[in-house]
Amino acid sequence: MDLYRLIEELKKERNYLESPLELYKKVKRFEEACERALEEKGELPPGLVFQEFVKAFELKPEETEGLQELVGVLADDPTVEEEVLLEVLGKDALLGDVQLQEAKRVLFLLRKPFLLARRKRQRQVKQLDPAKCPVCDQYISLTLIDLDNRRHMVCTLCGHREEVTRIGCSYCLHKNPEKIKILVDEDEIRVELCELCKTYIKSFKDEVYRKYKDPNLIDILSLPLDV
């Protein structure tokens with residue numbers, strides 16, 4: 001079953017996730033279009049990213065104010081801090097009447113293709129902060145446990161994967177398993193909550209990945225654990 005058919009099946013099975021799953025279909029189409037362009041051209045033209053974003057999310061002309069400028073800024077440096085971008089582009093006026101949280105979501109989505117391009121160019125990276133992705137500096141929120149019981153961070157922003165410490169907290173780095181509280185959902189996706197620093201990370205086993213095929217989809221299915 002391909003990803004889009006799987007999403008449709010999941011929408012029927014879990015109607016409480018219908019809205020985020022429908023949104024993810026659009027996100028995935030946008031990302032796939034950008035990935036194809038990157039493979040064909042060896043680069044990501046900002047104009048193409050803008051056009052594919054408008055197409056994927058079916059935006060009206062009045063909803064695109066500021067978007068093209070935003071894409072140009074991210075093309076130059078996709079790691080620019082969110083606060084800086086919002087100030088440069090007018091904070092919650094970024095997309096006209098769109099609220100600040102929605103504008104932040106747009107920033108997140110538009111970063112992804114440029115960070116993917118950076119990851120593909122940057123084959124070897126140096127881990128500076130074990131709690132963050134070494135490619136895009138995003139905090140780690142999702143990890144995969146492989147068949148050999150090793151843990152790998154899976155960046156939900158740029159897609160980078162890298163082996164990380166198996167036991168303990170990825171944020172405060174303690175190694176005491178007794179200080180990690182674990183919650184498990186129906187798909188065997190776990191939330192590992194650190195009782196010391198009050199942060200949490202999600203983890204899933206290889207069989208969960210083989211079932212759903214997409215880490216970001218797994219993240220969406222586990223949204224009830226975020227509550």
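What follows draws every value from the coordinates through simple rules; no lab data is involved. The structure presented is a predicted model; accordingly, all values stated were derived computationally and were not measured. Cβ: placed from backbone, ideal geometry, glycine included. Neighbour counts: every protein chain shown.
Observations on the structure shown:
- Cβ-isolated cysteines (cut-off 4.7 Å), the chain: CYS34
- Listed residues PRO20, PRO46, PRO134, most fluctuating in the chain (Gaussian network, C-alpha, under 10 Å): PRO20
- Selection from VAL154, ALA103, GLY72 lying farthest towards where the dipole of the chain points positive, charges on Cβ: VAL154
- Whether region 142-226 is rounded, prolate or oblate, judged on the alpha carbon gyration tensor where a/c under 1.5 counts as rounded: prolate
- Considering only alpha-carbon pairs that sit under 8 angstrom and 6 or more positions apart, the relative contact order computed for region 3-121 is 23 percent.
- Extent along principal axes [Cα atoms of region 3-121; Å; largest to smallest]: 42, 36, 25
- Counting every other Cβ atom within 10 Å of each residue's Cβ, LEU10, LEU70 order from fewest to most as LEU10, LEU70.
- Among LEU115, LEU173, LEU107, the largest mean-square fluctuation in a Gaussian network model of the chain, built with springs joining Cα atoms closer than 10 Å, belongs to LEU173.
- The helix-based estimate of mean residue ellipticity at 222 nm for the chain, built from -39,500 (n - 2.57) per DSSP H run of four or more residues and divided by its residue count, is -13500 deg cm²/dmol to the nearest 500.
- When the chain is treated as a GNM with alpha-carbon contacts under 10 Å, the residue of LYS132, LYS175, LYS25 showing the greatest mean-square fluctuation is LYS175.
- Share, in percent, of DSSP beta bridges within the chain that are antiparallel, nearest 5: 80
- Gyration tensor (alpha-carbon) shape descriptor, the chain, a/c threshold 1.5: prolate
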